[in-house]
Amino acid sequence: MTECKNKLTIRGLTKRYGSATALDRVDLDLVDGEFLTMLGPSGSGKTTLLWAVAGLNDPDGGEIWIDGRDATHVPASGRDIGMVFQNYALFPHMTVRENISFPLEMRKVPAANRPQAIRRALEMIKLEHVGDRYCSQLSGGQQQRIALARAFVANPSIILMDEPLGALDKKLRDHLQLEIKRLHDELATTVLYVTHDQEEAMVMSDRICLMNGGRIEQIGTPDELYFRPATLFAADFLGESNLISGRIVGEDADRLVLELPGIGTLRAPSTTPYEQGAGIVHFTRPESLSILSGTEIKDNLVRGEVADVVVSGALTKVFVSVGDGATLQVSQLTSVSQRVRKGELLTIGWDADVGRVFADNRREVA
Amino acid sequence: MASADVAAATTAPSPARPGTHRLRWQTLPVAVFLLALFVVPVVTLLSISFFDNDGSPSLEHYKRLVDVPLYGKVLLATIKVAFFTMLFCIVGAYPVAYLLATSRKSTRNWLIILVLMPFWTSVLVRTFAWIVLLGRKGAVNQVLTAFGITDAPVQMIYNFTGVMIGMTHALMPLAVMTMLAVMEGIDPNLTKAAATMGAKGGTRFWRIYFPLTMPGVASAALLVFIASLGYFITPALLGGPQDTMIVQLIIFQIREVLNWQFAGAIGVLLVITFMLIFMIYDRVFGLSVIGGAARTASPAEGSMIRNYAGRVGTAITWGLAQITDAAITVFARWVPARRGGVGFSRGGLYLVCALIFAFIALPTLFVVPVSFTSEAFLTWPPKLFSLQWYQMVFESPVWLGAATRSFVVALITASVGMLFAVPCAFALARDNFRGKSALFGLVFAPLIVPNIFIAVGLFFLFSRIGIAGTTLAVVLGHTVIVIPYVVVTVLAVVKGYDRNLDHAAATMGASRMQTFHRVTFPVIRSGMVASFMFAFIISFDELTIALFVTGGRVTTLPKLMYEDALLAVSPRLAAVAALLLVSMSIVILASELIRRKGGFGLGTK
């Protein structure tokens, strides 16, 4: 059942540039109406994957199915897609109307039906009055929205977006993120989106596909990725984290017992088979940690001295040195009355369930 | 690319500095020099045509122009030559420019040398090579008869065909470079975007790429047309009597009958032709497209003709797109598409471009073997091997003297040109001052005005002040020609220089002199050297000015070659041409390498 609802199915997709492997046997499924974001550092292969789906590069292996048809060797012009390019790629010699009309014309939409479709598209992006202008006469944000309209006007199977907000300033970007999300909902369309901005990915996506070194590191909802990262890379790449190296000393009531230098003994959820004495990295989000008032009890308690306090708007970040050079970051909502002072001694605590344990593959490096 | 680049280009206005709006002293030498030795002579030449031979105002020369049918006929023949040259150049240069624009950068740089080498090889050497190739006993005819394709030698030179071949060969690099400039500015994502919207290959090319290259095509067409109108060397050496160009009439009037006023009148006729062409061009394309990048596509406004032309153009490209797509579809049915390999259309492009590159680069090389012939006349294949012609050249005081004079003249011209033009280019690149656009116009005018006007005007002026026929006269004339080129090249270098480097040096305590000496100059040095060599080559190769302002025993190498070639094409000339070809190629290659290697990744790299 799910197979036939798949808008996009990718199996074993591989792409090499000379000796470098840009995509390494990638599998990906995109269901109808989904907004999936490819997230990753530069060079992780996310754009290569998007371009392969668009038919703009030739994969060295694997298959791409769009809407239940094998599209692996179909040229871009035959794939029934819409694409928004990083710098929009609006045709400078055509007016806005002609730009939006182009995909309709290419899909042989009768000339009589085009004006209505174009008008609707322009209404959707709230730019009804610019149809006869040339794109160079529009602002960056307006050009961006024209590019969006051009991508969705012909109702393609999938809309691909290659860092479409990268060239805009922060305010405009925030605004357009919501705009794109609204369009996605109203049009009930399927979107494959590429960005290197994790916040953008979090705000917009149904699911995020985290890429690293040409492979998929983890795929899941923003919530899953943020609170249950599958790998050390995922934990480190997304948001802020406390990562502390140590080793496993045993198990106690379905909890792993860890020994961390300078901190002491900690408990963490037991997920995978473990090896006694194995080197691990313990992970927590700064907002999962709290500064204890003295009466509270948590599974893990650590004492330390406040090294620094940074107020970054709504959040206050407290850096606590807990011994042996290790520092734990605690993030809490900024409050006017309760202030922690540098040099203060205090206790930090958290429940075992909020922590994660990863095999330490960084040790070789250190 | 578009918006980000535009933003980058329009931001960061140079901070206003004190004295911004004063006339800059460093532009004075150029301004004065060009006014005295360019504007005054040319204007004088054109205005004396309104006087009769006794010096009283009269239109008798214009009456003669109208009455004698010869002049109208020659003008029409000139326009015909210019038109077809333009056509062949555009058609031949477009695929080459497209290939260059879509190749990798390293490949492109080498191919550009291949295009530019013949451009900077002496016009005389190239024309001469065509005589070797296409003459009655030339290489082409020998091959044709040997294979029995023709019984008798085909007449390929001393007629319209010869002129077309020579002129297309001479001007095609100009067309390539002009179109390349526009094509490089086209965002490669545009055709990809069209593909994602469902456009096939033909539609992508004709409806997206081609319209965007139109500004380049239009300016290349204009440049080639204008340059062709002022041409005379190739038609004189490769054409027949019916291919006489209008400039040749001016030369005849000055050199044979010394009728200044009538020569001026022919000049005015040429100027009027120019202005008409500019007007027509402006109506159809708009003059603003010259040098305009592809992205600033002009919104359709202005003249009705332009709107109409635009609509016709859209219809034509639409039709071509349909035809091409259909052809590709049919072809794809026969030949199954190979994945990942070179596409059919790309393969075709390579083939076409290989042929055009061969046409551009190979013919000149034919002067080398014939220069080693042991016979007394040119044959193909040459009877090898003899150095007698080289010996003859090196033992001839006339040839050696001419070569030495050309060398010295080029050296002085390039030095003086740099001395005048570099400060001027700095001012033009960095400062805003009153009369800046006027100065721009003055500096670039010698590029547009045919050299023959400058040559005849200077001859007239120099005769009055008694320096005609001297080396000084050639140097002065060449400096006029060279200044615009130096300004253009130095301007490009200075514009590509990040002034924040200077600001940074200043914050570290460097004085203005130290900043220039330690930071600015080392960065722009290679550009300066290339510019100097550029000027040197132009002067060394210049014929028109030398033809008029030198005389008697004071002659330059190009002039001696030209006059020798008019009499007879001998193996001795082949030896000179071969020597020139080799030495100039070395200079050109060296300056290209200096410009690229030492560029610190600035500018054109």
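The values are calculated or read from the model by the stated rules, or taken from the named source; none is laboratory data. Predicted model only: the values in this text are computed from it and were never measured. Here the Cβ positions follow ideal geometry from the backbone for every residue, glycine too, while neighbour counts run over all protein chains shown. Just the protein is used for accessible areas: all its heavy atoms, side chains included, with ligands, DNA and RNA removed. Shrake-Rupley method; radii C 1.70, N 1.55, O 1.52, S 1.80 Å.
If you go through segment B:365-418 and keep only what is open to solvent by 70 Å² or more (accessible area, probe 1.4 Å) and charged (D, E, K, R), you end up with B:383, B:395. Residue check: is residue A:69 over 17 Å from residue A:187 (Cα atoms) and either more than 9 Å from chain B (Cβ to nearest Cβ) or at pLDDT below 90 (or both)? Considered against the rule, which asks whether it is over 17 Å from residue A:187 (Cα atoms) and either more than 9 Å from chain B (Cβ to nearest Cβ) or at pLDDT below 90 (or both), residue A:69 comes out as yes.
Taking the residues in segment A:72-89 that are more than 7 Å from every other protein chain (Cβ to nearest Cβ) and aliphatic (A, V, I, L, M) as candidates, determine which candidate is most open to solvent (accessible area, probe 1.4 Å). The qualifying residue most open to solvent (accessible area, probe 1.4 Å) is A:74.
The set of residues from segment B:232-272 being farther than 16 Å from residue B:70 by Cβ and of a type in the set (Val, Ile, Thr) comprises B:233, B:234, B:254, B:268, B:271, B:272.
Any chance you could count how many residues in segment B:174-211 are part of a helix (DSSP H, G or I) and either open to solvent by 20 Å² or more (accessible area, probe 1.4 Å) or out of contact with any helix residue (DSSP H, G or I) (no Cβ under 7 Å at 6 or more places or on another chain) (or both)? Count: 17. Only one entry in A:147, A:151 is in contact (Cβ under 8 Å) with a residue 60 or more places away in the chain, at the interface with chain B (Cβ under 10 Å from one of its Cβ atoms) and over 20 Å from residue B:209 (Cβ atoms), namely A:151. Residues in segment B:91-118 that are under 30 Å from residue B:249 (Cβ atoms) and buried (at least 20 other Cβ atoms within 10 Å of the Cβ): B:92, B:93, B:118. Residues in segment A:46-60 that are more than 7 Å from chain B (Cβ to nearest Cβ) and part of a helix (DSSP H, G or I): A:46, A:47, A:48, A:49, A:50, A:51, A:52, A:53. Residue A:113 - would you say it is more than 9 Å from chain B (Cβ to nearest Cβ) and either basic (Lys, Arg) or crowded, with 19+ Cβ neighbours inside 10 Å (or both)? The answer is no for residue A:113. Annotation note: of A:277, A:304, the sole residue that is free of Cβ contacts under 8 Å to residues at least 60 places away in the same chain, surrounded by fewer than 16 Cβ atoms within 10 Å (Cβ to Cβ) and not acidic (Asp, Glu) is A:277.
Counting only residues that are aliphatic (A, V, I, L, M) and open to solvent by 40 Å² or more (accessible area, probe 1.4 Å), which one in segment B:477-492 is farthest from residue B:514 (Cα to Cα)?
Across segment B:477-492, the extreme among qualifying residues is B:488.
Residues of segment A:90-109 that are more than 7 Å from chain B (Cβ to nearest Cβ) and open to solvent by 30 Å² or more (accessible area, probe 1.4 Å): A:97, A:98, A:105, A:108, A:109. Counting residues in segment A:50-64 that are in the same structural domain as residue A:105 (by the TED database) and within 15 Å of the chain's Cα centre (by Cα) gives one or more. Given the criteria touching a residue at least 12 places away in the same chain (Cβ under 8 Å) and in the same structural domain as residue A:325 (by the TED database), does residue A:219 qualify? In short, no.
Where in segment B:366-476 are there helices (runs of 4 or more DSSP H), lying fully within it, with 1 or more residues that are charged (D, E, K, R) and over 30 Å from residue B:266 (Cβ atoms)? Explain how you work it out, then say what you get.
Working: elements: B:367-370, B:388-395, B:397-430, B:436-448, B:451-465.
Passing ranges, in order: B:388-395, B:397-430, B:436-448.
Within segment A:171-188, the set of residues being touching an Asp or Glu at 6+ places or on another chain (Cβ under 8 Å) and not charged (D, E, K, R) comprises just one member, A:177. Taken over segment B:40-62, residues that are surrounded by fewer than 16 Cβ atoms within 10 Å (Cβ to Cβ) and aliphatic (A, V, I, L, M) amount to 3. Of all residue pairs spaced 6 or more apart or on separate chains, those with beta-carbon atoms under 7 Å, a first member in segment B:35-60 that is among the β-branched types (Val, Ile, Thr) and a second member that is part of a loop (DSSP other than H, G, I, E, B) are B:42/B:449.
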